[in-house]
1. Across region 1-33, what is the number of residues that are hydroxyl-bearing (Ser, Thr, Tyr) and in contact with a helix residue (DSSP H, G or I) (Cβ under 7 Å, 6 or more places away or on another chain)?
2. Test residue 357 against the criterion of being among the small types (Gly, Ala, Ser) and either at pLDDT 80 or above or touching a His at 6+ places or on another chain (Cβ under 7 Å) (or both), and give yes or no.
3. Within the bounds of region 223-239, is there any residue that is of a type in the set (S, T, N, Q), at pLDDT 95 or above, surrounded by 17 or more Cβ atoms within 10 Å (Cβ to Cβ) and out of contact with any helix residue (DSSP H, G or I) (no Cβ under 8 Å at 6 or more places or on another chain)?
4. Of everything in region 135-155, what is surrounded by 20 or more Cβ atoms within 10 Å (Cβ to Cβ), hydrophobic (A, V, I, L, M, F, W, C) and part of a helix (DSSP H, G or I)? Give them in sequence order.
5. For region 156-195, give me each residue that is more than 26 Å from residue 206 (Cβ to Cβ), in a helix (DSSP H, G or I) and in contact with a helix residue (DSSP H, G or I) (Cβ under 6 Å, 6 or more places away or on another chain).
6. Only one of 258, 223, 276 is without any contact (Cβ under 8 Å) to a residue 12 or more places away in the chain and among the hydrophobic types (A, V, I, L, M, F, W, C). Can you tell me which?
7. Exactly one condition in (1) of a type in the set (A, V, I, L, M); (2) surrounded by fewer than 20 Cβ atoms within 10 Å (Cβ to Cβ); (3) at pLDDT 95 or above is false for residue 159; which is it?
8. Which of the residues belonging to region 104-135 are at pLDDT below 90 and of a type in the set (Asp, Glu)?
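The values are calculated or read from the model by the stated rules, or taken from the named source; none is laboratory data. Source: prediction; values computed, not measured. Glycine gets a Cβ as well: all are built from the backbone with ideal geometry, and neighbour counts include every protein chain shown.
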Amino acid sequence: MSVTATQADIKDSILEAIGHTPLVRLSRMAAGLTPQVVAKVESLNPGGSINDRVAVALIDAAERDGHLRPGGTIVEPTSGNTGTGLAIAARLKGYRVIAVMPDKMSSEKIDLLRAYGAEVVVAPTDVAPESPQSYYRVADRLAAEIPGAFQPNQYFNMANPQAHYESTGPELWEQTGGRITHLVVIGADPEGSIYSGSEDDVRPYLVEGVGEDFWPKTFDPTVVDQWIRVSDRDSFLTTRRLAQVEGILAGGSGGLAVHAALEAAKSIDDPNAMVVVVLPDGGRSYLSKIFNDAWMRQYGFLGRTVELTVGDVLRHKSNSPHPPTIPPLVTVETHSRVRDAISLLHEHGVSQLPVVSANDPQTVVGSIGERGLLRHAAQDAELLGAEIVDVMEAPFPAVASSDPVREAVELLVGDQQALLVTVDGRAAGLVTRADLLEALAS
């Protein structure tokens with residue numbers, strides 16, 4: 001047997017893996033909105049953020065201009081992501097990196113920088129930018145004191161935005177087939193940042209790596225057509241929802257941007273519009289903060305009340321006297337006849353049933369419902385004698401009994417009417433839209 005030779009696709013270094021991150025449609029979070037909303041997932045860059053693009057561009061420009069020489073030291077004030085990109089590139093190019101970070105950054109970001117070989121200096125957040133203690137001024141001092149040191153200065157180095165003109169922009173145009181109409185950065189900005197407020201409005205905020213308390217040279221405010229201010233609370237709750245509903249683990253700046261994108265999309269009536277939102281980094285650097293319930297409650301972003309779970313709904317349904325004869329889970333086997341399934345539907349007053357394997361009654365393999373059976377019956381008069389396996393549909397979406405009701409509601413999209421509830425991985429019951437509404441009402 002002959003084997004057709006194919007061209008190898010092997011990167012010379014991890015730096016060549018930067019860019020070409022995917023666009024993902026936010027079909028669940030943007031359900032009901034007129035335009036498409038799609039997200040560019042920059043956490044899939046090697047260093048975990050969009051700033052990998054910037055870091056390489058900063059180093060390349062410094063080498064080209066003679067500011068950075070072999071064995072030199074890179075000193076940069078950073079919220080973590082640019083520092084990580086710089087550390088990766090510097091390790092491959094033989095440079096030392098010192099990252100100066102504000103103290104509000106997560107411990108995961110600091111540990112990540114050190115894992116890549118960077119040295120980390122932490123400076124206070126609650127000081128003015130011009131203070132000698134601010135992380136900007138600390139970086140300036142270190143760059144002046146260390147022989148051969150260079151500060152890329154991402155806030156004033158035009159190689160920073162140029163990186164996006166050369167890579168991010170063309171990728172967005174190509175990936176959307178030229179259909180992109182709105183980009184967020186529409187002006188998604190934290191409450192407390194100077195960009196969308198005034199100098200009098202500037203105050204500390206908790207979302208990391210976005211907004212500022214000064215005007216960087218690299219930022220051109222004339223390109224912003226609309227500002228949307230987003231609170232820490234909305235940023236973090238949207239970040240958590242993005243993970244739970246779309247399966248995308250992003251950082252707080254990503255949640256901030258998505259919240260702004262959804263707000264912007266509400267006012268767009270054009271069905272051909274496409275809103276692209278950039279998710280700058282991933283959520284693994286924020287597990288101790290945004291995805292930590294205790295931290296979220298500490299700052300008042302989560303209520304202290306116990307959230308209603310799907311298991312609560314199932315128990316409420318079992319205790320309901322309307323009707324009292326329904327067991328927690330009524331099933332039908334694959335080789336049962338359709339007439340038997342219809343009898344079960346009528347006997348228990350339900351409109352759908354899970355279908356289980358005849359060999360393993362614990363394994364759910366499909367579902368049947370009155371709608372589907374009626375559709376088949378209209379096409380085939382001999383339906384009643386058929387086996388269930390011949391007419392069954394896909395299994396109901398499964399949720400754990402411990403899942404919050406708000407997450408279960410997100411799964412009931414389109415014609416989906418019911419969810420299979422599992423306990424320790426085993427089917428335990430079925431809940432419908434009506435069950436969820438009744439439990440929430442009570």
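1. Looking only at that region, the number is 2.
2. yes
3. yes
4. Once the filter is applied, which keeps residues that are surrounded by 20 or more Cβ atoms within 10 Å (Cβ to Cβ), hydrophobic (A, V, I, L, M, F, W, C) and part of a helix (DSSP H, G or I), region 135-155 yields 138, 139, 143.
5. Matches in region 156-195: 159, 163, 167.
6. Being without any contact (Cβ under 8 Å) to a residue 12 or more places away in the chain and among the hydrophobic types (A, V, I, L, M, F, W, C) holds for just one of 258, 223, 276, which is 223.
7. Result: residue 159 passes all but (2).
8. 108, 126, 130
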